[in-house]
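Read-outs: derived from the displayed coordinates by stated rules, not from any lab. All figures in this text were calculated on a predicted structure; none of them were measured in a lab. Positions of Cβ are generated from backbone atoms using ideal geometry, with glycine treated the same way; all protein chains shown enter the neighbour counts.
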Amino acid sequence: MTHRKFSLSRRSLIKAGGAVAAASLVGGLSAPAIARNRPIKIGFVTPKTGPLAIFAEPDEFVLNQFRSQLANGLEINGTAHPVEFIVKDSQSSSNRASSVAQELIFEDEVDIITATSTPDTTNPVADQAELNGVPCITNDTPWQPHFFGRQGDPETGFDYTFHFFWGLEDIISVFTGIWDAVDTNKVVGALWPNDPDGNAWGDPKLGFPPVMSERGYQLVDTGRFQSMTDDFSSQISAFKSAGVEIVTGVVIPPDFTTFWTQAAQQGFKPKVVNVAKASEFPQAMAALGDRADGLSVEVWWSPHHPFASSFTGQNSAQLAADYESATGRPWTMPLGFKHSLFEVAIDALGRTEDLDDPDSIASAIRKTSLETIVGPIDFSSGPVPNIAKTPLVGGQWRLENGAPVLDLVENRDHTNIPLTADVRPIT
């Protein structure tokens, strides 16, 4: 699929406007002066409401950090430009994400657009940006659902859209590393919903199934389910019948709460449960009470990660502590990635040769080689064009004075990120 077939993009309108201005000058007519210190507009699409809203909790803290630091503007080619962040709520809907991305492009006329928080947000936003020739940076979606979910071609990639996060190969390695550390029968039940993440994770070629088979694990896959379901009895029954001792998946918090509550009611007691999305947040774990103890999850960022911000100079532990002090809430993984998203955007804008040329901004993003709060970001490193990978380790929840605490328990792919505990089975 190519987006180039659409001729009436914002980029084509900008080009047409430039041509008219040039013609006016040639004809001897005066053109309006353009202020060299015009504002820079950064669009940001995020699920502030809906079932994915838990991903957006750190938004205001991070935005306020950048607004404060940029109060005197961002210097580009010797001129300080005011910076404006324009935030749009996707309402946890792909259609809404696409619609507000169009608003940012055509009504707000942003210079760059950013988005995070699962393919439901990042994919439609990036599609609109690519279609209309607007530079775009996204994260917090495994790179395969983001790139291949948008029909990306590994030979050419995209022109205006850039993404950084880990991939399915990384989470498979982390999850199987946790499974290998527990004595089980190697029978795994999968909770994969009918959404871009679930379909990618369950893909028979690119997802979990082939690797699980290679590593000696038996898969019990009951098929895709619709998010926000209220009954997991059929999945639980199938898992019990097959002797499942490991449960994995990628499930929104409300669905996992339903599943895990019903599992207790129906006497299903696996030894390992690592479910992405739902198990990533201390708030969701706190709601489970004692049932949170021993649940495991992939960890994209934590206070233990040995990285620092290129923008504020804070290390990971300091960023987490500042967030907790300012908000009274526990740190969450999206905190580091929201911060890094704007680190990369500001760094690229600062290196842009011509702020009024989207190609110049895209070129600056493409040349990014930056040490960030989530690790090094280099879009030339692959695995496909315009994608940079970030490190992934594994964690496990325990309760401390009744509050969930996330230990790091698996790091075989990134030993520079220290472990804080050993893997243990759910008891």
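Of the residues 279, 98, 310, the one that moves most in a GNM of the chain with alpha-carbon contacts below 10 Å is 310.
The count of lysine pairs in the chain with alpha-carbon distances below 23 Å, taking only pairs 8 or more places apart or on different chains, stands at 25. Result for the chain in a Gaussian network model with C-alpha springs under 10 Å: among 118, 46, 79, the largest mean-square fluctuation is at 79.
Residues 290, 231, arranged from fewest to most other Cβ atoms within 10 angstrom of their Cβ, appear as 290, 231. For semi-axes √(5λ) of the Cα gyration tensor in Å, the value computed from the atomic coordinates appears in the list [x] 43, 35, 20; [y] 48, 39, 16; [z] 41, 23, 18 under label [z]. Here the mean projected area of the convex hull built on the C-alpha positions of region 59-106 is 4.4 nm².
With angles folded into 0 to 90 degrees, how steeply does helix 253-265 sit against the dominant principal axis of the chain? Use alpha carbons for both and round to 10. The two axes meet at around 0 degrees. Let me know the Kirkwood hydrodynamic radius for region 304-358, please, with Cα pairs as the basis and the value in Å to one decimal. For region 304-358, the Kirkwood estimate is 12.5 Å. With the charge dipole of the chain set up from +1 on Lys and Arg Cβ and -1 on Asp and Glu Cβ about the Cα centre, the Cα lying farthest toward the positive end among the listed residues 125, 171, 352 is that of 125. Distances between placed amide hydrogens fall under 5 Å for residue 250 paired with 191, 276, all partners being 5 or more residues away or on another chain.
Pair-distance distribution P(r) for region 27-183, from all Cα-Cα distances in 10 Å bins starting at 0: 10, 32, 31, 18, 7, 2, 1, 0, 0 percent.
If you count the DSSP beta bridges with both ends in the chain, what percent of them are antiparallel, to the nearest 5?
Details: 19 of 55 bridges.
Within the chain, antiparallel bridges account for around 35 percent of the total.
Compare 53, 276, 264 in a GNM of the chain, Cα atoms joined below 10 Å, and give the one with the largest fluctuation. In this elastic network of the chain, the residue with the biggest mean-square fluctuation among 53, 276, 264 is 264.
Once a ≥ b ≥ c are taken as the square roots of the eigenvalues of the Cα gyration tensor of region 241-304, is the result rounded (a/c under 1.5), prolate (a/b larger than b/c) or oblate (a/b not larger than b/c)? Note, shape of region 241-304 comes out prolate.
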